[in-house]
Each structure stands twice: as C-alpha cells, then as structure tokens.
Amino acid sequence: MSVTPPSSVSDDPIGIAVIGAGYWGPNLVRNFQASRTFRLRWLCDLDVDRARRVLGDYSTVQVSADLDEVLADPEVRAVAIATPAGTHLPVAMAALRAGKHVLVEKPLAATYEEGRLLVEEADRRGLTLMCDHTYCYTPAVLRIRELLHSGELGDLHFLDSVRINLGLVQRDIDVVWDLAPHDLSILDFVLPPGVNPVAVAAHGADGIGAGRACVAYLTLQLNTGAIAHIHVNWLSPVKIRTAIFGGSKRTLVWDDLNPSQRLAIYDRGVDVSSPELGDEQRHDILVSYRSGDMVAPALVEREALRTMVDEYARAITTGAPALTDGRSGLRVLEILQAASLSLAEGGTMIKLDEGHMA
C-alpha cells in the first residue's frame, strides 16, 4: 500500500505551525519545509533561542514562545505538536478550539480520558486529529498492512515482536510507555478490519532498582483467537528490532535493522486437517508440513515522516480520517493503560472495552 500526496482544490499551501523545538520538533520542521503542500509559518517553543537555532540564521519562519500568538494567526490552518505527553491535552485542545487541524506526536495524550476529550473535540468541530505514529508510515509497515489486508498471508495466527536495546532509562515513564507504543500502533495499523485486541497481560521487571519496569513482556489476545507478544527492554546490550507475523498461508519476518532485506516472506508452515472417522467426539489430527520458497519483497525507501506529512495533508484537504487518526491513538492509549494495570496486579489479564476499540 502506498500513501500518495493529496490533490487539493487549492494551489495555496496549508499554513502550519510546529509546537515544540526539542528532540522531535526539528524533524517535523525539516519535513514540513520540504513539503509543497504545507508552508511552515511558525515554530513555537518556550526556549526561543533553541527554536531559532533549529531554523537557522536565514529562515523567514516566525518564532514565538506564546502559543496564543501562534494560534491567533489566521494563516495558520494546522499545527504539529512535539511537546511532552503531559502537555498534549492543553496544547492540542487550545489548537482545536482555535479551529486548527492537529497532528500530535505519540502518544496522543498522557491518559485515555485525555485522548478521548481530544477526539470528541475534533469530531465536534469537524477538524482533523492525527497521531504521529511514524513507524506506520515506513515502507516496510505499509507493505505488511497491504499483505495482511489483502489476505496474502492468510489469517493472522501470531505476532512476535522484539524491540530491545541498551536505552536511556526514562525518569517519568516505564519501558512499556516508552517503547511499546511503537509496536502497539503498528499492530493497530496492520490488522485487517474486524480483527482487534480484546485483552492484554503485562509482566515487567526492574533489575537495576530504577523504580519502574525496565524490561517488559506484553501478551495480547485478539478476537480471532490469535495472540500477539511484545518484548520491550532498556537493558539489552544488543539492539534488535524484529517482528514475525505468522499467517495461515505465509509467515513474514520484518528485520528493521537489515536495510538490504527488511522483509522476508516464507511459504513454509503447518497444515492441519481433521477428518471425521465416525466418532463424533474424536478426530485424528493430520499434520503436514510445507516447505516452499522465501521471497524478499523490494521496498522503495522513503523517509517515514515525509509519508506521514503527505497523509496529514490528505486528511486535511479531503476531510477523510487519517490512517493514524485520533481514534487509533486512543486505542493505543487504552492498551497502554490496561498494560499498566496488569503490571501493577502482577500480570493479570485485563479485558479491553470493545466499545472503545471500535
């Protein structure tokens, strides 16, 4: 599946402001400046000197530490928020109430309830609310989504995802909230319509006395009976970014750290038949193994953020929901909160609200 730039009824670019010039803000600035569909008008940050350094000495983009000043500009139709998660609710809510379309860095908000308020406000005003789940816009994940939605892999039986490295131990969140949003957003993005998680259990450990889980394992049950397992870890001496999608027809292996072969599709697996032998209570299980070819699909490399920016423009100009809209961000938040509850309860399986997942 490819995401193409929007065809707007107007040739005028969309005026946009980036809010936050810290870690992620400069990446947004670079991609919005490179887009023909947007015109970056403001960079807003409490540290105006930092914002000026991001823009460079010769930029015509305006700088401000005052969010109200930025939102008062009628030329600004949209904002992109790259501030700490705890500020997402007030900043995004102010932008929506000012009539601006909103893109929010993951996670959508600090809690499910805060995220719900943003989704409802955007719906009420007819505005685009999109979550920057950047990994979903990588060529590899877009292809995985295509393969699962088309049925080429068959029904999903399992997902096994590993995201581990020797990482920075965060002071305000545990490893689940730091790393798992990537995997949960990918899962939400690639699952075919009608397939969704219904329960989650989480186990974690704090072997270094950091006061929060530094290693964690999440197990999600899907409504089809399939299972998804996610391993996140700050303490691994090696960096691994792999995921295995086991389907009834084929199995796909994604190795994000292997640029020469990010995806491999194996026509290998187990076929089971159970012919009835007359006894209604007893079936012989006939297992056969197939060993077919491995195919490595060619991927056209493109920066995920560039594709995400194109998708934001498409959602604004057409009024259609973005592929990672506010509701997708809300579903990720629900799983994160349920996982936190499960961690606190020693790994209890927590059911998800099916109404929330719709």
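Just so you know, all these numbers are worked out from the coordinates, no wet-lab data involved. Here the structure is a predicted model, which is why all the values come from computation and not from measurement. No Cβ is skipped: glycine too gets one built from the backbone with ideal geometry, and neighbour counts run over all protein chains shown.
Which of rounded, prolate or oblate describes region 306-354 when judged by the alpha-carbon gyration tensor and an a/c cut-off of 1.5?
prolate
Roughly what angle does helix 139-150 make with the longest principal axis of the chain, taking Cα atoms, 0 to 90 degrees, to the nearest 10?
50
Order of 32, 189 from fewest to most other C-beta atoms within 10 Å?
On the way: 32 27, 189 20.
Starting with the residue having the fewest Cβ neighbours, the order is 189, 32.
Just going by the charge dipole of region 203-269, with Lys and Arg at +1 and Asp and Glu at -1 on Cβ, which of 266, 246, 204 is farthest out on the positive end?
266
Angle check, please: helix 112-125 long axis (alpha carbons) against the longest principal axis of the chain (alpha carbons), in degrees 0 to 90, nearest 10.
Once rounded, one gets 60 degrees.
For a quick protection proxy, order the peptides 123-129, 82-88, 59-65 by their average other-Cβ count within 10 Å, most packed first. Walk me through the intermediate numbers first.
Details: 123-129: 17.0, 82-88: 18.6, 59-65: 15.1.
For the peptides 123-129, 82-88, 59-65, the packing ranking is 82-88, 123-129, 59-65.
Which value at 222 nm does the chain reach when only helices count, each DSSP H run of 4 or more adding -39,500 (n - 2.57), with the total divided by all residues and rounded to the nearest 500 deg cm²/dmol?
On the way: 10 runs with 113 residues, N = 358.
About -9500 deg cm²/dmol.
With Rg and Dmax of the Cα atoms in Å defined as stated, name the option among (1) 23.6, 82; (2) 22.0, 83; (3) 20.2, 62 computed from the structure displayed.
Working out Rg and Dmax of the Cα atoms in Å from the coordinates points to (2).
Suppose every K and R has +1 on its Cβ and every D and E has -1 on its Cβ; what is the size of the dipole of region 1-114 about the Cα centre, in Debye to the nearest 20?
Roughly 360 debye for region 1-114.
Compute the acute angle (0 to 90°) between the alpha-carbon long axis of helix 175-190 and the principal axis of greatest extent of the alpha-carbon atoms of the chain; round to the nearest 10°.
70
May I ask which residue of 99, 112, 150 lies farthest towards the positive end of the charge dipole of region 99-152, with charges of +1 (Lys, Arg) and -1 (Asp, Glu) on Cβ and the Cα centre as origin?
99
With only Lys, Arg, Asp and Glu charged, each at its Cβ (+1 for the first two, -1 for the last two), find how big the charge dipole of region 134-191 is about the Cα centre; round to the nearest 20 debye.
That gives region 134-191 a dipole magnitude of about 180 debye.
In percent, what relative contact order does region 306-358 have, based on Cα pairs under 8 Å that are 6 or more apart in sequence?
The value is 23 percent.
For region 21-96, compute Rg over Rh where Rg is the Cα radius of gyration and Rh is the Kirkwood radius from the inverse mean 1/r over Cα pairs.
Result for region 21-96 is an Rg/Rh of 0.92.
Give the relative contact order (percent, whole number) for region 164-236; include only Cα pairs under 8 Å separated by 6+ residues. Show your work: numbers first, answer last.
On the way: 117 pairs, mean separation 29.7, N = 73.
About 41 percent, as a whole number.
Using a simple charge model, +1 on the beta-carbon of Lys and Arg, -1 on the beta-carbon of Asp and Glu, nothing else, what dipole does the chain show about its Cα centre, in debye to the nearest 20? All intermediate terms of the calculation are to be shown ahead of the outcome.
Details: 33 positive and 46 negative charges, 148 e Å.
Charge dipole of the chain: 720 debye, to the nearest 20.
Within region 2-109, list the GluC sites (Glu not before Pro) lying in a DSSP loop whose Cβ has at most 16 other Cβ atoms in a 10 Å radius.
Numbers: sites: 69, 75, 105; in loops: 75.
Hits after loop and neighbour filter: 75.
Under 8 Å for C-alpha pairs, at least 6 residues apart: give me the relative contact order for the chain, rounded to a whole percent.
On the way: 746 pairs, mean separation 70.3, N = 358.
Computed value for the chain: 20 percent relative contact order.
Counting other C-beta atoms within 10 Å, which of 136, 214 has the fewest, and how do the rest follow?
By the 10 Å Cβ count, ascending, the order reads 214, 136.
Provide the percentage of antiparallel DSSP beta bridges, counting only those with both residues in the chain; round to the nearest 5.
So the antiparallel bridges amount to about 60 percent of the total.
Place the peptides 320-328, 223-231 in order of packing, highest mean first, counting for every residue the other Cβ atoms within 10 Å and averaging per peptide.
On the way: 320-328: 20.9, 223-231: 17.4.
Per-residue mean Cβ counts within 10 Å order the peptides as 320-328, 223-231.
Gaussian network model of the chain, Cα springs within a sub-10 Å range: biggest mean-square fluctuation belongs to which of 218, 96, 286?
So, out of 218, 96, 286, the one fluctuating most is 286.
Expected output is a single nm value to one decimal: the length gained when fully extending between residue 341 and residue 150, i.e. 0.36 nm times separation in residues minus the C-alpha distance. What is it?
Here the answer is 65.3 nm.
Between region 54-121 and region 196-223, what is the C-alpha centre distance in whole Å?
Centre-to-centre (Cα) distance: 31 Å.
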